[in-house]
1. What is the number of the single condition among (1) without any contact (Cβ under 8 Å) to a residue 24 or more places away in the chain; (2) on the phi > 0 side of the Ramachandran plot; (3) assigned by TED's automatic domain parsing to the domain that holds A:A246 that A:G278 does not meet?
2. Out of curiosity, is B:F323 without any contact (Cβ under 8 Å) to a residue 40 or more places away in the chain, crowded, with 17+ Cβ neighbours inside 10 Å and either touching a Ser or Thr at 6+ places or on another chain (Cβ under 8 Å) or at the interface with chain A (Cβ under 10 Å from one of its Cβ atoms) (or both)?
3. For the range A:281-311, which residues satisfy the criterion of being surrounded by 14 or more Cβ atoms within 10 Å (Cβ to Cβ), away from every other protein chain (no Cβ under 14 Å) and of a type outside the set (S, T, N, Q)?
4. Answer yes if at least one residue in the range B:85-98 is at pLDDT below 95, in a helix (DSSP H, G or I) and surrounded by 11 or more Cβ atoms within 10 Å (Cβ to Cβ), and no otherwise.
5. Looking at (1) free of Cβ contacts under 8 Å to residues at least 24 places away in the same chain; (2) closer than 30 Å to A:F83 by Cβ; (3) facing chain A (nearest Cβ under 8 Å), which one does B:L354 not meet, given that it meets all the others?
6. If you take the residues of the range A:161-193 that are among the hydrophobic types (A, V, I, L, M, F, W, C) and outside any helix (DSSP H, G or I), which of them is farthest from the other protein chains (Cβ to nearest Cβ)?
7. Quick check: is even one residue across the range A:333-340 acidic (D, E), loosely packed, with under 14 Cβ neighbours inside 10 Å, more than 30 Å from B:S304 (Cβ to Cβ) and more than 10 Å from chain B (Cβ to nearest Cβ)?
8. Could you count how many residues in the range A:281-298 are within 24 Å of A:F103 (Cβ to Cβ) and of a type in the set (F, W, Y)?
There are 2 protein chains.
Amino acid sequence: MKKPKPKLALKEKEGVSPPEIISASVVENIQQFRKVQPSAKELVEGILEGNITALSRAITLVESTNSEHLAKANEVINACLPFANKSVRIGITGVPGVGKSTFIEAFGKYLTGLGKKVAVLAVDPSSTISHGSILGDKTRMEELVKDENAYIRPSASGETLGGVARKTRETITLCEAAGFDTIIIETVGVGQSETAVHSMVDFFLLLKISGAGDELQGIKRGIMEMADAIVINKADGDNIKKAKLAKTEFNRALHLFPAKKSGWMPTVSTCSSYTKEGIDEVWKTISDYLELTQNNHYFAEKRSSQSQYWMLETINEQLKNNFFNHPEIQHLLEENKKAVQNNKVSPFAAASILLEKYFKG
Amino acid sequence: MKKPKPKLALKEKEGVSPPEIISASVVENIQQFRKVQPSAKELVEGILEGNITALSRAITLVESTNSEHLAKANEVINACLPFANKSVRIGITGVPGVGKSTFIEAFGKYLTGLGKKVAVLAVDPSSTISHGSILGDKTRMEELVKDENAYIRPSASGETLGGVARKTRETITLCEAAGFDTIIIETVGVGQSETAVHSMVDFFLLLKISGAGDELQGIKRGIMEMADAIVINKADGDNIKKAKLAKTEFNRALHLFPAKKSGWMPTVSTCSSYTKEGIDEVWKTISDYLELTQNNHYFAEKRSSQSQYWMLETINEQLKNNFFNHPEIQHLLEENKKAVQNNKVSPFAAASILLEKYFKG
């Protein structure tokens, strides 16, 4: 005898007519709405009105790999550009464990309390592997996520650093056009991501905690030199004394570096994301920086050179991609790499061989 | 009345027959020899025998912009490669005034005294403007220039840094094939030349002097982090005390940097090129470094990755040159730079327009 088929929950409505209350026209309306993608013009209008749904949809287009989406994204961005640029862009970095999320939560809440509109983005090319190590879990910023003057968007993923950087920078433009006047970009000390973030912000903040022993260990080469401010987090309870010691040590270290083009002398301060002590001082520091660099025109010059940088950087990256993905080059490259390795050919002669092939076929 | 034409020295031999002692056949022989360029094979043979004339001629080919010369140079280099690589390559940098020439003279003499064969090269892309600011005047190394175990070659000029770097690196190969076991490459703190030199040497030495006030001012960003040793020169007479103080300060600063991949902890020492005090210690330091990095295989790994670096770097540079020198791109680039500047188009959209033009015409 055949076993009776188990009744599946999904099949429960089989043979049941839809209740009269769901009219066919309503269903059609909803489906219609879902299918119709807003036009670029509609998105731009929505963004300029500060509509978060329009903003999020536009960012999704920016993050798409579909070329049609990309064309539409470019249209939206170019239309938003004249309304962007009126913000302060703050980069925040620090190794895992320094409390970036709690700091951004406390700092973001402080800023919205001042009447500011805060967008929090992330650059984390590793997020495909680590499944969103930063900002992936919005629950770590549970206060800020509920704040209607804050907008949190995790890192674009599945890409090279160049790709993530492009998407983040376009997202900045969209957020600014939507009226966000303070853009926070979080990154984590992996490879070149700090350099990328440094090249898209006005102010770069290194978050640290006081630890046992040498405070300066574990700082990646070059990060110290990039920082406009070092903030020692978790300066509360038993930690306060250690944090103050760390502050002295960092201050001494910073004085060893040559002066910055901005004319700004990097600062060191302590704060607690828990007691909120020192959070206001961070904003005070950034305000001082803005005043100095807007007066000496460094602010505008830096933004302008950052734009040029990203244009040229994108070109360079694409030229390399085209070369190294060329099928005939790939084989020849391996051959020449080996020959160089074994001192059969000089690096420059090998380069000539490859370039000849590429340009002359 | 016409004034009599003054008798010019150059015209003195007018009407004078050549003395009989210069036979026509000798003249012909000399002229013949001058005209005949040695073949690539002859140059290689000469170089491997340690013939300085052959070496100098080959370097001249490397420095030539003539494509025929370049092809011949490549032939010579590739033939020399299997005999190269058996040396220690030392980069020396320091701002003007620290006494690089006198240090290299004293250090070079010390090394030839140990039975070493020393080649001194320079990377100075500014030399076209400054008419050879370093090594241009060999008289500043008057002892070393007379030493038959030393070979001094000024920086290749009239070129971009990339060009000068390529020529210097090929010259290293030729010098090594000619039996030079210690290659010193001098550079001066202009722009990116330190980075280029750092990428072609085994050991990087920063030369300093003790000055009034803060010893660390005036060091370019990143140079401290590159240094395997800091040597404080001119530690003689009244300077000894100041030099010792400077040593302490540098030592403290170096400890602030993260550990090097080589496993080597950078050293600080003092020396006097005048009294020769401390010159032997510099060589001792380099010997210690060599022992460490040869044992932990970092030495070979670094050389290998340097070769790969120069191959890829040359390719990247040529790809960019080809793009930016493209006549249609040049005009479009200016247009797009302006559009980016005026927020009419995003840097990425501008890059797309340019790349489309380049690849699709």
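1. (1)
2. Details: without any contact (Cβ under 8 Å) to a residue 40 or more places away in the chain: yes; crowded, with 17+ Cβ neighbours inside 10 Å: yes; either touching a Ser or Thr at 6+ places or on another chain (Cβ under 8 Å) or at the interface with chain A (Cβ under 10 Å from one of its Cβ atoms) (or both): yes.
Considered against the rule, which asks whether it is without any contact (Cβ under 8 Å) to a residue 40 or more places away in the chain, crowded, with 17+ Cβ neighbours inside 10 Å and either touching a Ser or Thr at 6+ places or on another chain (Cβ under 8 Å) or at the interface with chain A (Cβ under 10 Å from one of its Cβ atoms) (or both), B:F323 comes out as yes.
3. Listed by number, the residues that qualify are A:E281, A:V282, A:W283, A:I286, A:Y289, A:L290, A:L292, A:Y298, A:F299.
4. Within the range B:85-98, none of the residues are at pLDDT below 95, in a helix (DSSP H, G or I) and surrounded by 11 or more Cβ atoms within 10 Å (Cβ to Cβ).
5. Against the list (1) free of Cβ contacts under 8 Å to residues at least 24 places away in the same chain; (2) closer than 30 Å to A:F83 by Cβ; (3) facing chain A (nearest Cβ under 8 Å), B:L354 comes up short only on (1).
6. Start the filter on the range A:161-193 by keeping residues that are among the hydrophobic types (A, V, I, L, M, F, W, C), which leaves A:161, A:164-165, A:172, A:174-175, A:177-178, A:180, A:183-185, A:188, A:190.
Now narrow it down to the ones that are outside any helix (DSSP H, G or I): A:178, A:180, A:183-185, A:188, A:190.
Details: A:A178: 16, A:F180: 17, A:I183: 15, A:I184: 21, A:I185: 16, A:V188: 17, A:V190: 15 Å.
Checking each candidate, the answer is A:I184.
7. no
8. Initial filter on the range A:281-298 (within 24 Å of A:F103 (Cβ to Cβ)): A:281-293.
Next, from what is left, pick out any that are of a type in the set (F, W, Y): A:283, A:289.
Matching residues across the range A:281-298 total 2.
The values are calculated or read from the model by the stated rules, or taken from the named source; none is laboratory data. Source: prediction; values computed, not measured. No Cβ is skipped: glycine too gets one built from the backbone with ideal geometry, and neighbour counts run over all protein chains shown.
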